[in-house]
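Student: Structure in structure tokens, see below.
The values are calculated or read from the model by the stated rules, or taken from the named source; none is laboratory data. Everything quoted here is computed from the prediction, not taken from an experiment. Counting neighbours? That spans all protein chains shown, and the Cβs are built from the backbone with ideal geometry, glycine included.
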């Protein structure tokens, strides 16, 4: 059963016009709407299902600077600044807590990999990440039944509650004047004089000059109808949560076949951390060349499978007219089944490494679709081919922690304000101009 995010009521009457329309009610879409509304911009957010119904409520809840691609570090630094004041800003509980995160190292290769990231990426940005030895690991992670060789540790990293954060941000956007519409799929766009002019939804049309697509795994389908190529595939992440448990584990930890973080309710969210599944779809063949470098970099961690998803994607990719029911109405929420062997392996591993979890009770298991780009870095950019159309998508499993900063950068680009960080690494043009895709690679 998928986790249920906090409910966000829908506004009643669709406006005839708005300065900006945001498509997608995940954390990035909600954060963008909040930023725009706080600046006095007339903004409407349209979500085909409910707020945070897909990956924004299904992720691990990590807010990490550690292990980031260097291109994302400036954005996560801004995001962490925003996270620390988020509860006060939105007037609600998002679950954020600065708890620290550790990547445990069980062999020399893992030590070398994390030391390389620390030396090449973290230190130039003055992150508080550092390598620690077995004794300090034992102090920070009590109750372990093993002694790792060391760990990469970032004290200022944190955690949040995915089921609470995006809904709280969306509600705050409404309090600043944004209009929020759920069960309101956007079928497509109309243009005038070569730029965006109208958003067509299942409930009517909205005249606008700027549109932000923050559609997660659905973004490629939306772009295809516009004749815009967006290389994007999905991977399935399987997760579980326990009932409240006295395990003494306050810090978030990535270890051998498990990743674990404490929840606001006293339980723990547990995932594998070392493996995920990617369904072979028609787009897998379409974008094979672009994704080959990422597949090589993640060899062994992404398991390919062929099944029903191939035919589902084939059906959803058929063209539709703006007065017809769209794929976004046919499937309101992507709700994949968790992969049993992955969940079982992470459960066995956490019990093996931490005796306090031996008697844990699994309250819920779920899976989510993570949208991935060929270089595993998001696209936050206007599309030059269609002025007024902005993308904020492809977060490749990094969207929850980086969401507030991404919302701010997106709002800056839409309003023409000086960007909070250099947007060049996130430009859309790299997807189509022959730029060599370069996923972060360490030894």
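Student: I'd like to verify a number: residues in segment 146-201 that are in a strand (DSSP E or B), farther than 23 Å from residue 332 by Cα and touching a residue at least 12 places away in the same chain (Cβ under 8 Å), how many?
Tutor: The number of residues fulfilling the criteria is 11.
Student: Also, quick follow-up: Just checking, how many residues over segment 19-48 are surrounded by 24 or more Cβ atoms within 10 Å (Cβ to Cβ) and part of a loop (DSSP other than H, G, I, E, B)?
Tutor: Qualifying residue count, segment 19-48: 5.
Student: Here is a follow-up. Considering 334, 264, which residue is in contact (Cβ under 8 Å) with a residue 60 or more places away in the chain, more than 29 Å from residue 23 (Cα to Cα) and part of a loop (DSSP other than H, G, I, E, B)? Reasoning before the result, please.
Tutor: Working: 334 fails: more than 29 Å from residue 23 (Cα to Cα).
Being in contact (Cβ under 8 Å) with a residue 60 or more places away in the chain, more than 29 Å from residue 23 (Cα to Cα) and part of a loop (DSSP other than H, G, I, E, B) holds for just one of 334, 264, which is 264.
Student: Given the structure, is residue 376 at positive phi, in contact (Cβ under 8 Å) with a residue 60 or more places away in the chain and not in a helix (DSSP H, G or I)?
Tutor: Working: at positive phi: yes; in contact (Cβ under 8 Å) with a residue 60 or more places away in the chain: yes; not in a helix (DSSP H, G or I): yes.
Considered against the rule, which asks whether it is at positive phi, in contact (Cβ under 8 Å) with a residue 60 or more places away in the chain and not in a helix (DSSP H, G or I), residue 376 comes out as yes.
Student: A further question follows. Quick one: in segment 315-336, of everything that is in contact with a strand residue (DSSP E or B) (Cβ under 6 Å, 6 or more places away or on another chain) and under 22 Å from residue 367 (Cα atoms), which residue is surrounded by the most Cβ atoms within 10 Å (Cβ to Cβ)?
Tutor: 334
Student: Right, something else. Which residue pairs have Cβ atoms closer than 7 Å, lie 6 or more positions apart in sequence or on different chains, and pair a first residue in segment 267-290 that is on the phi > 0 side of the Ramachandran plot and outside any strand (DSSP E or B) with a second residue that is at pLDDT 90 or above and crowded, with 21+ Cβ neighbours inside 10 Å?
Tutor: So the pair list comes out as 273/254; 273/258; 273/259.
Student: Condition test on residue 397, is it at pLDDT below 95, more than 22 Å from residue 222 (Cα to Cα), assigned to a loop (DSSP other than H, G, I, E, B) and out of contact with any helix residue (DSSP H, G or I) (no Cβ under 7 Å at 6 or more places or on another chain)?
Tutor: No.
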